[in-house]
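Report on the structure given below.
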Amino acid sequence: MGDTCRIELDGTPFEFPVIEGTENERAIDISKLRSETGYITLDGGYGNTGSCTSAITFIDGDQGILRYRGIPIEELAEKSSFIETAWLVIFGKLPTQADRDRFATMLTEHSMLDENMKKHFDGYPTNAHPMAILSAMINTLSAHDPEVWEADDDESIERAAAVLMSKVRTIAAAAYKSSVGEPIVYPRYDLRYAENFLHMMFSKPYKDYEPTPAVAKALNLFLLLHADHEQNCSTSTVRMVASSEANMFASCSAGVCALWGPLHGGANVAVIEMLQQIHDGGISVDEYVKKVKNKEDGVKLMGFGHRVYRNFDPRSKILKAAADDMLKELDIHDPLLEIAGELAEAALSDDYFVSRKLYPNVDFYSGIILRAMGIPVNMFTVMFAIGRMPGWIANWKEIHDDPKGRIYRPRQIYVGPTDQHWVPREER
Ligand code: CMC
């Protein structure tokens with residue numbers, strides 16, 4: 001018999017089981033709380049609420065640990081690729097050579113968009129935000145390939161995952177091409193995942209873009225580091241939608257919308273805007289830090305702080321090293337990186353940030369890397385979405401495969417007006 005939690009409500013004692021995860025995380029299982037006591041719990045922002053058990057990703061925010069299916073992120077960053085890691089995240093084990101080959105072939109075969117889909121791009125205004133196009137186009141994809149709605153067993157889920165991961169990259173590049181008034185570039189069957197994306201982004205009808213190995217390596221790493229991050233805002237959104245038995249594409253399209261906000265995936269854009277503002281405005285780093293500490297007009301140090309990490313985000317350490325390497329190899333001197341370095345140094349030795357355990361998160365350096373690759377700022381969050389696709393698919397699959405799954409349906413405490421009556425317009 002495991003531990004239990006005893007609480008007393010209105011003089012009556014109740015007991016609830018305590019459950020423990022494989023990494024000794026402990027939770028009070030209150031699934032019978034309302035039926036037994038009539039009470040619910042209230043936890044604004046869900047900071048203390050476990051919405052599910054999950055076997056995909058483990059984070060220890062105090063120690064700065066991140067593991068996909070038990071494997072440390074540092075090890076995957078050094079030894080694996082985005083595609084291998086994606087398969088690991090989705091299917092729970094490292095792929096065999098045969099799994100790798102099959103999945104790679106499917107990714108290649110599904111990289112083209114249906115010709116009819118090109119017409120949809122023509123309907124968007126120039127300068128339409130690529131996140132809007134991405135979320136809409138993911139649903140449009142499923143309208144062109146209804147087989148993906150029926151994805152049910154591992155085989156059909158693998159196919160749907162390959163369709164989604166492959167085409168999302170083509171859509172992202174096509175959205176960019178439409179927004180700059182250039183023709184859409186077809187994928188090449190001889191290029192690997194990251195290289196193919198760079199080709200579709202930057203090749204022109206009169207000039208092929210040949211990605212340098214340094215850029216392709218950095219993009220592969222960027223995508224791998226974003227592959228999953230347990231129950232964040234967009235992943236919880238995907239699970240919420242999936243719990244209604246919505247298909248993988250509908251669920252992941254909702255994830256794109258949730259990711260768009262500046263407090264989530266949009267933070268990598270906000271970081272570059274902040275660095276640019278400091279650079280262009282001639283503000284000193286100390287002045288900016290002062291503004292942040294005074295909470296002037298809600299100014300925050302973007303790319304700092306995290307709901308879960310109260311230590312260095314391990315992804316930010318890896319990205320910082322990769323950004324340094326790539327800029328050195330490409331001989332790029334980015335004044336914004338220098339400002340970022342000074343900001344990080346100032347914040348990490350300042351009591352405001354130290355006492356609140358605010359450290360650089362993944363977005364602090366990812367914008368620098370993307371900028372150096374030539375990715376325009378309004379595509380940054382799209383890049384995050386391409387990387388996060390395996391995590392969303394894995395979480396969709398976990399919900400789909402759960403025989404005891406129930407539709408997600410939180411409760412609330414109502415604080416609005418009590419019983420009222422309708423009043424005729426002339427008496428209001
Ligand atoms: N700059 C200045 N102060 C901050 C910051 C920051 N970036 N982040 C948190 N604080 C302060 C906050 O004002 C509060 O201060 P006080 O105790 O005086 O009220 C304290 O630190 C605790 O913060 P919180 O708002 O309760 O933290 P949260 O867990 O609700 O928010 C966060 C987490 C990531 C939304 C927040 O840290 C933030 O807005 N950071 C900047 C945006 C950002 O970089 N987001 C990317 C997150 S990582 C990628 C992803 O998962 O999407």
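The values are calculated or read from the model by the stated rules, or taken from the named source; none is laboratory data. Being a predicted model, the structure only gives us computed values, none of them experimental. As a convention, Cβ positions derive from the backbone with ideal geometry for all residues, glycine included, and neighbour counts pool all protein chains shown. Just the protein is used for accessible areas: all its heavy atoms, side chains included, with ligands, DNA and RNA removed. Shrake-Rupley method; radii C 1.70, N 1.55, O 1.52, S 1.80 Å.
Reported count of residues in segment 41-67, each being in a helix (DSSP H, G or I) and either in contact with a Pro (Cβ under 6 Å, 6 or more places away or on another chain) or surrounded by 13 or more Cβ atoms within 10 Å (Cβ to Cβ) (or both), is 1. As a summary of the residue check, I7 satisfies the conditions (1) more than 30 Å from Q412 (Cβ to Cβ); (2) modelled with pLDDT of 95 or more except for the one numbered (1). The set of residues from segment 271-288 being among the charged types (D, E, K, R), away from the ligand (no atom under 14 Å from the Cβ) and in contact (Cβ under 8 Å) with a residue 40 or more places away in the chain comprises just one member, D286.
Scanning segment 317-359 for residues that are of a type outside the set (A, V, I, L, M, F, W, C) and under 25 Å from the mean Cα position of the chain (by Cα) returns K317, K320, D324, D325, G341, R356, K357, Y359. Candidates are the residues of segment 6-40 that are within 27 Å of I59 (Cα to Cα) and part of a strand (DSSP E or B); the one that is most open to solvent (accessible area, probe 1.4 Å) is R26. The listed residues are P211, P187, and the only one of them that is buried (at least 20 other Cβ atoms within 10 Å of the Cβ), touching a Ser or Thr at 6+ places or on another chain (Cβ under 6 Å) and more than 22 Å from V256 (Cα to Cα) turns out to be P187.
Of all residues in segment 230-251, those satisfying the criterion of being surrounded by 24 or more Cβ atoms within 10 Å (Cβ to Cβ) and either of a type in the set (D, E) or within 16 Å of the ligand (Cβ to nearest atom) (or both) are S234, T235, V238. In segment 104-116, the residues that are in contact (Cβ under 8 Å) with a residue 60 or more places away in the chain and within 14 Å of A161 (Cβ to Cβ) reach residues that are in a helix (DSSP H, G or I) and open to solvent by 40 Å² or more (accessible area, probe 1.4 Å) with C-beta atoms within less than 8 angstrom, at least six apart or across chains, in these pairs: M106/R159. Taking the criterion of being outside any helix (DSSP H, G or I) and among the charged types (D, E, K, R), the residues of segment 332-381 that qualify are D334, D350, R356, K357. Scanning segment 289-322 for residues that are more than 9 Å from the ligand (Cβ to nearest atom), open to solvent by 60 Å² or more (accessible area, probe 1.4 Å) and under 19 Å from L337 (Cα atoms) yields F312, K317, K320. In segment 348-376, the residues that are free of Cβ contacts under 8 Å to residues at least 60 places away in the same chain and among the charged types (D, E, K, R) form Cβ pairs under 7 Å with partners that are within 11 Å of the ligand (Cβ to nearest atom) and open to solvent by 20 Å² or more (accessible area, probe 1.4 Å), at six or more places apart or across chains, as follows: K357/R310. Here K397 clears all of (1) within 16 Å of the ligand (Cβ to nearest atom); (2) in a helix (DSSP H, G or I) except the condition numbered (1).
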